[in-house]
Amino acid sequence: MKYCKYCGSEIYIDSEICLNCGRRVSEIEAKADNSVTLGLVALIVGMFIPLVAWIVGGIGLSVANRTNNSVGKKLNVAAIIIGTIVFLFAFAMLSQ
Ligand SMILES: [Zn+2]
């Protein structure tokens, strides 16, 4: 059991709404889900700086996994893949 942060009454650990006061208590919902924003930043900046794609994409992916955001997951995975491709391409160009 946990307690509603608004009215203090006992609520089930997996409930999203407090039955006493009707307010949303889900912690997943309360956490800011910025995984889509992070994914877009990682995708765009990562096309030029692969390191950014890995770091920002990695953070975005962990946020997306926590909040179960499938769009965020796809964007961040795509960013990491694109960052890797850009890195390999740049590496191949430099080693010529
Ligand atoms: Zn409540």
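The values are calculated or read from the model by the stated rules, or taken from the named source; none is laboratory data. Since we're looking at a predicted model, the values are computed, not measured. So basically every Cβ, Gly included, is an ideal-geometry build from the backbone, and we count neighbours across all protein chains shown.
Summed over the range 1-47, residues that are out of contact with any strand residue (DSSP E or B) (no Cβ under 8 Å at 6 or more places or on another chain), modelled with pLDDT of 80 or more and small (Gly, Ala, Ser) total 7. Screening the chain for helices (runs of 4 or more DSSP H) wholly inside it with 1 or more residues that are surrounded by fewer than 13 Cβ atoms within 10 Å (Cβ to Cβ) and in contact with a Gly (Cβ under 9 Å, 6 or more places away or on another chain) returns the ranges 50-67, 70-94.
Residue pairs whose Cβ atoms lie under 9 Å apart, separated by 6 or more positions or on different chains, with the first residue in the range 68-95 and hydroxyl-bearing (Ser, Thr, Tyr) and the second assigned to a helix (DSSP H, G or I) and surrounded by 15 or more Cβ atoms within 10 Å (Cβ to Cβ), are SER70/ALA64; THR84/PRO50; THR84/ALA53; THR84/TRP54.
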